[in-house]
Amino acid sequence: MGFLDATYAALRLLFSADPELWTIVGVSLSVTLRAMLIAMPVGVGCGYLLATLRFPGRRALIVVIQGLLASPTVVVGLMLYLLLSRQGVFGQLNLLFTQTAMVIGQVLIALPVLIAFSLAAIQGADPRARETAVALGASATRVGWTMLVEVRFALLAAVCNAFGRIVSEIGCSLMVGGNIAGVTRNIPTAIALETSKGDFAQGIALGIVLLVVALGVNSAFAFFQGESRR
Amino acid sequence: MKLLAVTALSKSFRERRLLAIDELSLSAGERYVLTGENGSGKSTLLRILAGIDAPDSGVGHFGKRRFDWSPYPDWLRQEVIYVHQQPYLFHTSVVENIAYGLRARGVEAGERERLVAAAIAWARLGHLLRTPPQKLSGGERQRVALARAWVLAPKVLLLDEPTANLDAESRQQTIDLVQAFCGPETTAVIACHDRDMIALANRRRLHLVDGLIQQNSTPTL
Ligand SMILES: Nc1ncnc2c1ncn2[C@@H]1O[C@H](COP(=O)(O)OP(=O)(O)OP(=O)(O)O)[C@@H](O)[C@H]1O
Ligand SMILES: [Mg+2]
């Protein structure tokens, strides 16, 4: 089958409400959205605390987190696999090859991105914002909330960046998810499988969906970054 | 009547001693104009009085209550308001900016709206309510910041060069607002270089030289 035929077949698949294809898309979105729901408050919260509190080891911690930004997702997958496998510390939980394992993996991948970006966002905020909130009598919690609202566009950019990273990540999902059809098969793992089987149509169709999602998220990222600089 | 007083206040940056004030006392019903050369420490002094920065040492009294900066007490924050030379407006709306301190004090919604409306009328901001705060001119921002402070009815108002970079008209408006702000129970310290504040009634001069305050006892004309 040539590339053109495959692309034609892919478009047919996309518009034919093919249940298998949309199940895969559903797994991807559901896993990534759940991971984001968990990672967002934790990541932004840690970023805020790192920007605000002074404690011994803070600089070292920031360096480590920035290093983790570049951690290969297969390595995260490997570590998680070792922890979740039968012999692992969390072996009894029977989480290996479940969506929960994928969610955990994606949370771990998203966290450094969210922490590092929200740290930078809050450090980049105008110091007068905090001073003004304090001078107007706000409590520590209110000051924190005000700061997050003031840098909201930079935070949204962080969220888009993290989302884009985990929705397209394959290494960790493959290792701890196991690419089980209808359960843990998401867009990236399905593309890899279909392509290796020679079924390019399915792969291209899923690739288009992923591209649209990634493009949408990246445009949002660029937009929010622009807004946050104004 | 003495409202706010500080004694033995000192502040250094690295080797350089910026402030060394034995005694500074501010009386209710007076306005003080704080002058001094660039870098003499006017902003630093106001920020310390407002609890935004801490001095190296010093003790304060508010009325009869003693306080220091470790940490600056919350009850005093309710009484003292500092306004930056270029005020920062939150990226929300003019109304939300003015309501900010009221929300922080837990004023309930009905009362809050009433007070915000009064502040808007006081600073004549009615026509600017739909403008995003970042789009306001310098003079307009200054008026929003003053309204945001006024609505809290602070006992001590600390203004950092409120008329710098303003044209004659905005300047006059700001001076009028500052004048209208102050009552017999309150005091204000206004840092400035020039003679902008000459029109202010009951004005006393505080002059900062080499970290020392020269406080003259009689109102200047
Ligand atoms: N955080 C800081 N670290 C080091 N030096 C500082 C710091 N803050 C202020 N200074 C120095 O303290 C001095 C006084 O600053 P300050 O802003 O109080 O002066 P000012 O009287 O308000 O001047 P201006 O009229 O220009 O506003 C300046 O020389 C400034 O460089
Ligand atoms: Mg200054």
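Is it fair to say B:Y82 is surrounded by 15 or more Cβ atoms within 10 Å (Cβ to Cβ), within 12 Å of chain A (Cβ to nearest Cβ) and either more than 22 Å from B:A191 (Cα to Cα) or modelled with pLDDT under 95 (or both)? Criteria not met by B:Y82. Do we find a residue being open to solvent by less than 50 Å² (accessible area, probe 1.4 Å) and within 12 Å of chain A (Cβ to nearest Cβ) anywhere in the range B:104-117? Within the range B:104-117, one or more residues are open to solvent by less than 50 Å² (accessible area, probe 1.4 Å) and within 12 Å of chain A (Cβ to nearest Cβ).
What residue, among those in the range A:72-96 that are polar (S, T, N, Q) and surrounded by 14 or more Cβ atoms within 10 Å (Cβ to Cβ), is farthest from A:A116 (Cα to Cα)?
A:S85
Exactly one residue out of A:I180, A:I166 is part of a helix (DSSP H, G or I) and among the aliphatic types (A, V, I, L, M): that is A:I166. All conditions in (1) away from ligand 1 (no atom under 16 Å from the Cβ); (2) within 14 Å of chain A (Cβ to nearest Cβ) hold for B:R65, with the sole exception of (2).
Apart from one condition, A:G124 fits all of (1) at pLDDT below 95; (2) over 18 Å from B:A54 (Cα atoms); (3) facing chain B (nearest Cβ under 9 Å); the exception is (3).
Applying the condition of being surrounded by 15 or more Cβ atoms within 10 Å (Cβ to Cβ) and farther than 23 Å from A:E20 by Cα to the range A:182-230 and asking which residue is farthest from the chain's Cα centre (by Cα) yields A:S228. If you scan the range B:17-40, which residues turn out to be within 16 Å of ligand 1 (Cβ to nearest atom) and among the small types (G, A, S)? Listed by number, the residues that qualify are B:A20, B:G36, B:G39, B:S40.
If you go through the range B:163-181 and keep only what is open to solvent by less than 60 Å² (accessible area, probe 1.4 Å) and outside any helix (DSSP H, G or I), you end up with B:T163, B:A164, B:L166. I need the full set of residues from the range B:17-62 which are of a type in the set (D, E, K, R) and either crowded, with 22+ Cβ neighbours inside 10 Å or within 14 Å of the chain's Cα centre (by Cα) (or both), in order please. Hits for the range B:17-62 are B:E30, B:R31, B:K42, B:R47.
Note on the range B:24-62: residues that are away from chain A (no Cβ under 14 Å), closer than 17 Å to B:D74 by Cα and within 16 Å of ligand 2 (Cβ to nearest atom) total 0. A:L136 satisfies every condition listed in (1) crowded, with 20+ Cβ neighbours inside 10 Å; (2) within 14 Å of chain B (Cβ to nearest Cβ); (3) closer than 18 Å to A:E227 by Cα except (3). Taking every residue in the range A:208-230 that is within 14 Å of chain B (Cβ to nearest Cβ) and pairing it with any residue that is open to solvent by 40 Å² or more (accessible area, probe 1.4 Å) and assigned to a helix (DSSP H, G or I), at least 6 positions away or on another chain, the pairs with Cβ-Cβ distances below 7 Å are A:F224/A:F153; A:F224/A:L156; A:E227/A:F153; A:S228/A:F153.
In this structure, B:A117 does satisfy being in a helix (DSSP H, G or I) and out of contact with any helix residue (DSSP H, G or I) (no Cβ under 8 Å at 6 or more places or on another chain).
The values are calculated or read from the model by the stated rules, or taken from the named source; none is laboratory data. Bear in mind that the values here come from a model prediction, so they are computed numbers and not experimental data. Counting neighbours? That spans all protein chains shown, and the Cβs are built from the backbone with ideal geometry, glycine included. Heads up: the accessible areas ignore ligands, DNA and RNA and are worked out on the full protein's heavy atoms, side chains in. Shrake-Rupley method; radii C 1.70, N 1.55, O 1.52, S 1.80 Å.
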